[in-house]
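> Would you mind keeping the following structure in view while I ask a few things?
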Amino acid sequence: MSNAVTHPVTQPGVDANPKPELPKPEEIRNHLQEVLKSSAFQGSKRCRQFLAYVCEKSLGSATVSLKERTIAVEVFGRSPQSDLADDTIVRVGAREVRKRLQQYYLTPAGASTLIRIDLPTGSYAPDFHYANVSPKEKPPAETALLELPPVTRSRPNRVRLLLIATAVVMAVTGAAMLTAKWARGSPEEQAFTLFWEPVFRSPEPLLLAMAHPIVYHPSARAVQWSEQGLAPQEVSVPRPIQVPPDKLNGSDLLPVLNQYVGYGDMVAANEVTAMLAQRSKKVRLRLASGIEFPDLRKTNTLLIGAISNSWTMRLQQSWRFQFRWTPAVRTVVIDTMSQTAGAPSGEQRQWFVESKEDEAYQEDYVMVSRIRNSITGGLLLVGAGLKGVGTEAAGRLLVDAEQLGTILRKLPSGWDAKNLQILLHVKVIGNAPAQPEMVAWHVW
């Protein structure tokens, strides 16, 4: 009788590992509500609307309608004739939803859920699956009949052992090389890693120095004037102060210091904090007005905000591109090393956005600086816009490996060992920044 060992064979037409059952629609909808209520999504109404829309469409078997133009019209209110080559709101929204889903599933609540929602890259149709099953899992290929030779007690064949050992070494070496290649990532990811490398490598947390705008509260007298004639239920609802101009004077404007931050600044800080948390890096969040120079010494720092950040204004004095506050109450970026062609007064080249009383801007300029040789002795980063929406765009750019890496690859080689400044223009669509485009740069 033969003592050969026979392994079972998967019969043709029979799947030994059937495709795992997908979550039921009601389970998915319940999980979706948990995701939308989480802290990862609470800061973005746009992302909540996007995710809820594509999930409901997919559950209703309407994935065929999940096209960029359809989403632009039905979720973001765009015209059906919109030029989506310039209006990237859907693509930017999809990237943001993917990042926020990753953030949610890293939290204790997200990690303990039984269901997962994924938004695959290059698609607007989400995948639904159980946590212990990879999305779009495929059953293994049919196995072939395998007969092992009879077990013997004879001395092992040295040639065979040598061949096996060689094959193992080659397999391990190949796997290591492939892993190293994956770790390096795409050229854009490599440039992104070089940009952040001093922060990733440092054992100390990154200091986030937030802008500190001055906010003015109305006096009690101004509030009383504004509330005249209002019903009690109307008074309890926050509303703009409405007082005739001749009823107010300087005493009715009460400055409040070091109590508020701008929305765009907050978004920038949140984006950077989340990106570093995924790499197990910590941050220290401080108002720039409460920071002394010794706090900056030999410390990796990110300055968020321009005119309202005192340290941005103080440390930029030797840089080529600088923020200025003009007598016309207008924020500008000035190129201190060039002059406007044909200008009789020899004015520097400058970029600005016309001020508007309603603060509804259609464009902004963004500055990203990376100063290795800072007088602080540590890496100094700056992410700021002329307006709050520009600072928001700066924060999103700083954590987007594809966008930031694409811009960095346009700079001269060796930029990572030098100081650099990048000036970008960004369109504002529906009070949200589109993808910024580089308009000027300087490396030294």
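All of the numbers you see were taken from the coordinates with simple rules; none came from a lab. From a predicted model like this one, the values you see are computed outputs, not experimental measurements. Neighbour counts are summed over all protein chains in view; Cβ atoms, including those assigned to glycine, are modelled from backbone coordinates with ideal geometry.
> What order do you get for M367, M313 when you list them from fewest to most C-beta neighbours inside 10 Å? Mind dumping the intermediate values first?
Details: M367 26, M313 18.
Sorted ascending by nearby Cβ count, the order is M313, M367.
> Fewest to most neighbouring Cβ within 10 Å: what's the order for Y263, Y130? Each step should come with its number before you reach the end.
Numbers: Y263 13, Y130 17.
Ranked by crowding around the Cβ, least crowded first: Y263, Y130.
> Work from the charge dipole of region 25-130 (Cβ charges, +1 for Lys and Arg, -1 for Asp and Glu, about the Cα centre) and give the residue of T107, G60, G122 farthest towards its positive end.
Value computed over the given set: T107.
> Given the peptides 295-303, 42-50, arrange them by the average over their residues of other C-beta atoms within 10 Å, most packed first.
Working: 295-303: 19.8, 42-50: 16.7.
So the order, starting with the most tightly packed, is 295-303, 42-50.
> Can you put F352, F76 in order of Cβ neighbours within 10 angstrom, beginning with the fewest?
On the way: F352 15, F76 19.
In order of increasing Cβ crowding within 10 Å: F352, F76.
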